[in-house]
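> Quick one: this structure, given as structure tokens, is what I'll be asking you about.
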Amino acid sequence: MKRNALLSAIGLTFSSAFLFACSASAVSTDSVNQVDADIPKNIIMVVADGMGPAYVSAYRYFKDDRSTPLVEPIIFDDMLLGTVQTYPHQQSGFVTDSAASATALAAGVKTYNGAVGVTVDKEPVETVLHRARKMGMGTGLAVTSTIVHATPASYMVANEQRRNYFEIADSFFDDRIDGRFLADVMLGAGVEHFAREDRNVIEDFQNSGFQYVDTYEQLTNVDLDKPLLGLFGSSSLPWALDDSDPYRLSTLTKAALSHLNHKNDKGFFLLVEASQVDWAGHANEIGSAMAEMHDLAVTLEVLAEFGKNNPDTLVLITADHSTGGLTVAGKDGYRWDPIWIQNAKASVPTIAAQMMKADDRAAIVSDLLGFELNAQEGQLLDAVTTEMSSRDVENVIKGIVNERTNTGWTTNGHTAVDVNIYGYGPGADKFKGNLDNIEVAHRIFELLEARD
Ligand SMILES: [Zn+2]
């Protein structure tokens, strides 16, 4: 009836109305198959490792334009869906590690800390990536850690212990689903885990038709018809603050998207991990935490652009847990001053190493931190001896930054606080509210099943 009313309103003749009706029905059949409002063709899962809610708040203040009275929104703000509980299997208490939480997000089971894609009984579990593969979809990874680190490993393979990097790397090559490799594109670090004395898994991949690249520049010149392995660092990529490409996660994500969206008939599942937010949290290093968040935010812009051009794409962003017990104000009361990290030129480990080689310590540290140290801070640096461990040297510099910014940290480990979940696209409504982390996987499985 609606269509007839529309047709008479626009005054179409019978014959052209008939043609219109035919083409309209062709379009609607098509859309049932391809662009259902609630069923995504492509699913992109972004895990920001360690990104508790305080990291997002801190990033908003970090990016604030101080010349205006209100704090400007950041890309996360429009995408909030709800919160996610992160606790692992009961036998590991309430505070999860990245392996147990990634297994929960990927496979929908609670397991023990350290478990990669296995239950508490060490039985392998099927992940959403595996299910996508079984359905003939493209699959891929883009991460800033080694690609065999806890989070990507838990989506890909099964191993009873996350630190078995060599075994996990072997499984990346040896495991198959319906005769196919687990992923079409794998981008991150991990040369030391793949190119070993006992086995060169990079060569295994190359001999099986994969192209291999090891510089970001090569990513612009790959064959989209061949599967792709890209390892750009030994065990991790450099910190965003130290990397030749400070937006390396967005660079890897763009490359993975071009690959997976090329001849994309059946859709794809892509895992993106901002791995080093967590590492900055462990180190209690707020400058690197914000630089990693910025790389993630730029990556979310890339994904938003992709989503605009491919509206049949579900994008989900969440964290596996919070790290460091970050608070956006420390012991000095009512202030948090990100101005002291906004001009940082290097990570604290790099600054510490440079300082130990310099004659004028305060000068080099002032230059790399991006602000002039005062006399008292200069004395702290002069008190550093060559006998001190690099960790202790770094702690002196971090202490200066944490005091300047008045950043609070309560631990070098993880905390059990709920994390945020963000997202958009078909099916995103299923992730609203407060979810247990295993529910994230269960709902992705439901969306995959609904495609059949
Ligand atoms: Zn961690």
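> Which residues, counting only those in region 162-214, are over 20 Å from LEU129 (Cβ atoms), open to solvent by 50 Å² or more (accessible area, probe 1.4 Å) and assigned to a loop (DSSP other than H, G, I, E, B)?
Residues satisfying the conditions are ARG163, GLU197, ASP198, ARG199, ASP214.
> Return only the number of the condition from (1) outside any helix (DSSP H, G or I); (2) within 15 Å of the ligand (Cβ to nearest atom); (3) not charged (D, E, K, R) that ILE44 does not satisfy.
(2)
> I want to confirm something. Restricting to region 244-286 and keeping residues that are among the small types (Gly, Ala, Ser) and open to solvent by 10 Å² or more (accessible area, probe 1.4 Å), which single residue is nearest to the ligand (Cβ to nearest atom)?
By that ranking, first place goes to ALA283.
> Further, regarding this structure: For region 136-161, name all the residues that are part of a strand (DSSP E or B) and under 17 Å from THR253 (Cα atoms).
GLY138, THR139, GLY140, LEU141, ALA142, VAL143, THR144, SER145, THR146
> Tally up the residues in region 342-368 that are in contact (Cβ under 8 Å) with a residue 60 or more places away in the chain and open to solvent by 70 Å² or more (accessible area, probe 1.4 Å), please. If you could, list the steps in order and put the result at the bottom.
Initially, region 342-368 is screened for residues in contact (Cβ under 8 Å) with a residue 60 or more places away in the chain, giving 342, 344-350.
Checking the rest, the ones that are also open to solvent by 70 Å² or more (accessible area, probe 1.4 Å) come to 342, 345.
Looking only at that region, the number is 2.
> Within region 398-452, count every residue that is part of a helix (DSSP H, G or I) and charged (D, E, K, R).
Qualifying residue count for the region: 9.
> Output the number of residues of region 83-103 satisfying the condition of being more than 15 Å from the ligand (Cβ to nearest atom) and open to solvent by less than 10 Å² (accessible area, probe 1.4 Å).
So the answer is 1.
> A further question on this structure: Is one or more of the residues making up region 107-120 within 20 Å of the chain's Cα centre (by Cα) and of a type in the set (Ser, Thr, Tyr)?
Looking for residues that are within 20 Å of the chain's Cα centre (by Cα) and of a type in the set (Ser, Thr, Tyr), one finds none in region 107-120, hence no.
> Turning to a different aspect of this structure: Given the residues ASP359, ASP429, ASP382, ASP392, which is the only one that is assigned by TED's automatic domain parsing to the domain that holds GLU285 and more than 26 Å from PHE62 (Cβ to Cβ)?
Checking each option against the conditions leaves just ASP429.
> Among (1) more than 26 Å from GLY307 (Cα to Cα); (2) open to solvent by less than 20 Å² (accessible area, probe 1.4 Å); (3) within 16 Å of the ligand (Cβ to nearest atom); (4) in contact (Cβ under 8 Å) with a residue 40 or more places away in the chain, there is one condition VAL118 misses while meeting the rest; what is its number?
Among (1) more than 26 Å from GLY307 (Cα to Cα); (2) open to solvent by less than 20 Å² (accessible area, probe 1.4 Å); (3) within 16 Å of the ligand (Cβ to nearest atom); (4) in contact (Cβ under 8 Å) with a residue 40 or more places away in the chain, the lone unmet condition for VAL118 is (3).
> Moving on. Name the residue, out of ALA54, ALA24, that is modelled with pLDDT under 95, open to solvent by less than 60 Å² (accessible area, probe 1.4 Å) and of a type outside the set (S, T, N, Q).
Only one candidate qualifies: ALA24.
> Also, I was wondering about something else. Scan region 320-341 for residues that are open to solvent by 30 Å² or more (accessible area, probe 1.4 Å) and either assigned to a strand (DSSP E or B) or in contact with a His (Cβ under 6 Å, 6 or more places away or on another chain) (or both) and jot them down.
Hit for region 320-341 is THR327, nothing else.
> Could you say whether any residue in region 98-111 is over 20 Å from LEU271 (Cβ atoms) and of a type in the set (A, V, I, L, M, F, W, C)?
Within region 98-111, not a single residue is over 20 Å from LEU271 (Cβ atoms) and of a type in the set (A, V, I, L, M, F, W, C).
The values are calculated or read from the model by the stated rules, or taken from the named source; none is laboratory data. Predicted model only: the values in this text are computed from it and were never measured. Glycine also receives a Cβ, built like all others from the backbone with ideal geometry; neighbour counts cover every protein chain displayed. The accessibility values were calculated without ligands, DNA or RNA, using every heavy atom of the protein model including side chains. Shrake-Rupley method; radii C 1.70, N 1.55, O 1.52, S 1.80 Å.
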